[in-house]
Structures are given as C-alpha cells and as structure tokens.
C-alpha cells in the first residue's frame, strides 16, 4: 500500500539539505549564543546570519525580526505586545479581527478581553473574504490594532492584506497579519504590504518545528510576552532555539528563488485533483474562496447523500494510505466542525463532512491518482 501525504498545511517534511545544515549545530556548534567565549560567538554569528537572510527575504531590517518558537507564539507576541504597548502610549483599547482567524488569534483576543480590551470580530462572507466596508465602519480612535490572516489555513482564502492595512493606516491603527500559511509560498514584501507586524513559522516550508519569527516594524510598540532574559533585544526572553532557527533559515534559502515555480506547479496539482475529484464523485461541493490559494483545497460531502462522520472518514483514508485533515491540526483532535465554515454560513452537518487537502511542491501526479482512487472508494462506502 502506498503512503500519500496531503496534509502539508499542518506540517511539511524537513528538506534533506535543511537536516544537513542543522547537524553541525547538534554536534560541534553547541554553544549558547549569549555566551562570550568562542563557542557562543560562533553560534551567535550563525544566528545573526539567519536573521539577516530571513529579513532580506521579506524586505525587512534584521533588527525587526524576533525569533520565536513558531507561528502561535509569534501571533500571541504581536497581539499582546502591540495592544498593551499602544494602550500605554495612546490609551487605545480596542482590537479588530475576524471570526475565521486561527485559534491562536481568537483565543488570545479572548484573553485580552479579560484585561479590559474591547474585541470586535467583523463578519466575513460565505466566500471567506474579509469585508473592507465592515472594517472601515469599525475603525474609531479607540482602535489600537487590526489583525487579519494572509491566507486562511482551512479553506485557503487569500486576503487583500495591502488594502486592509491601508484602511487601518487611515485611522492610525496598527496592523498585524498571520502569514503562517502564506510565508514562503507567496512573495512577501513588508514595506509594500504596509503591515506593522507579521508572523511566520518554519515547519510549513520544509523547515524544522520549534522555530518561527515575528516581524515588527521599527517604531511599533512591542511589550515582551516572555520575560526573564535579555535575548532578542530584550523583547523575548529565553535561549534561542539555534538548531531550529538555522534550519529555518536554510529552508528559506532553498525556496527563495522558487516561489513562483512552486506556485505554478502546485496550482497544476490542485487543478488536476479538483477536476478529477468532481468527475469521479457526485454530490460534493468545493468550498472555493473568491481569491483562492492553490496549496489548499477544501470540499464537503453532501450530508443528504453521505454519512458525514469526519473521524470515520479520516480513519478510512489513513488506513488506505492517504493523510489529509478536516481542518487545522491543532484542533483536529476535538472532532468539531470547522469554526471557519460555521462562521461562513455552513450548517453543522455539512461542515462535518468537510475535507482539507493541502499540497506540496514535492507531491506528484502519481500521488494524486492514488489518492483519487481512495477517495472514490470512500464515497462508495459512506453513501447512505
């Protein structure tokens, strides 16, 4: 039986060259980058080279990059740091976001609401887009921060971040974007986008888990989230995860000239899979955003025709060698329908029969042909 991995939005395999780059930092280059002896200095040089490479990749200054443990911490860092810093500076205490953000944004806004912040989640359409007019209506002189994801991790909708950030700027509101899914797959220029902060993660782009970064534009208020050390220019305490950061930078280096090539290739994979899926299986619905991201394909089985049971469906696929998901990996264990779909007008039973396919440049047409065979068998087995 073949094993086909189509859950790349959850995590990716580490590139072999990334592993090679990391090995010396598990063996001889093991110093603490904050130490002043040669062991520490050698690692510090490598760490700062990694920071500069990543900064150049998004057209930022190296001093605007803060390494974190991943995307979740980076998003938490931005929400906590900017909102609390701005409340001290300008007494603003309102945050705007949407109900279809990643839970690391939604759950942190709930936490901030317990400390006196007002939270406004503007409605999105059934096409998963953020309504610009709704954003404009919510912007007042009380709003400190607006936070919207670049690419939705469950349905693959691409937000017009440049336009949204521009609207926020008209109100002198700080703008943060969760770019965990977009980073390394779409060209990002933070100066062109006009964002104040941006979060990214290593393990979504063939790098190791345990590394990410927050870009915070120079001059942006940023209170520390983790305290107790002077690392990351006194903004993020704790010894840097050098091993993972070095791997992260190598993953960026490997793809920096291949973004367009990968995007075109993955688009062909997505189109091939979608057209054959629709040809072979009746009564499924493609949950297509207005501005779609080719790395993610989300579709639902008609609950009037099929016995929609997400756990059973995923187990069937897995037992037949195909790895996919129903949504975000960090919430898949709950077996609850996607909050993204439920907040976009889908009913509960329809959302229960939803599958997310997420592609990688390392997938092949042969992979997809095998997966399509398994999906056809699933459709026959789950019909009422």
#### Entry: For segment 127-196 and segment 243-283, distance of Cα centres in Å
23
### Segment residue 227-residue 52, length gained on full extension (0.36 nm per residue, minus Cα span)
60.6 nm
### Task
Report, to two decimal places, the Cα Rg of the chain normalised by 2.2 N^0.38 Å (N = number of residues).
1.01
### Query
What length, rounded to one decimal in nm, is gained on full extension from residue 218 through to residue 91, with 0.36 nm per residue of separation minus their alpha-carbon distance?
43.7 nm
### Query
To the nearest 10 degrees, how steeply does helix 242-255 sit against the main Cα axis of the chain, on a 0 to 90 scale?
60
## Note on the structure
Over the Cα atoms of segment 60-127 the radius of gyration and the largest Cα-Cα distance (Dmax), both in Å, equal 13.4, 40
### Theoretical FRET efficiency, 1/(1+(r/R0)^6), r = Cβ-Cβ of residue 366 and residue 282, R0 25 Å, to 0.05
0.50
### Message
Using a 10 Å cut-off around each Cβ, can you sort 48, 223 from fewest to most neighbouring Cβ atoms?
### Response
48, 223
### Message
Of the candidates 276, 287, 93, which one comes out as most mobile in a Gaussian network treatment of the chain with C-alpha springs shorter than 10 Å?
### Response
276
### Query
Cα-Cα pairs above 17 Å in segment 295-384: how many percent?
48
### Summary
The FRET efficiency for residue 267 and residue 348, from their Cβ-Cβ distance with R0 = 30 Å and rounded to 0.05, is 0.40
### Task
Quick one: order 107, 257 by neighbouring beta-carbon count within 10 Å, fewest to most.
257, 107
### Message
Can you tell me the orientation of helix 161-170 relative to the chain, as the angle in degrees between its alpha-carbon axis and the longest Cα principal axis, to the nearest 10?
### Response
50
### Task
Measure nothing fancy, just the Cα-based angle from helix 365-381's long axis to the longest principal axis of the chain, in degrees from 0 to 90, nearest 10.
60
### Query
Gain in length, residue 258 to residue 17, computed as 0.36 nm per residue apart minus the alpha-carbon separation, to one decimal in nm?
85.2 nm
### Query
Semi-axes, largest first, in whole Å: what does sqrt of 5 times each Cα gyration tensor eigenvalue give for segment 1-127?
35, 25, 13
### Message
Just to be sure I understand: of the beta bridges DSSP finds with both ends in the chain, what percent are antiparallel, rounded to 5?
### Response
55
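Each reported figure results from applying straightforward, stated rules to the coordinates on display, with no laboratory input. In this text the structure is predicted, and so the values were computed from the model without any measurement. Every residue, glycine as well, gets a Cβ built from its backbone with ideal geometry; the counts of neighbours run over all protein chains shown.
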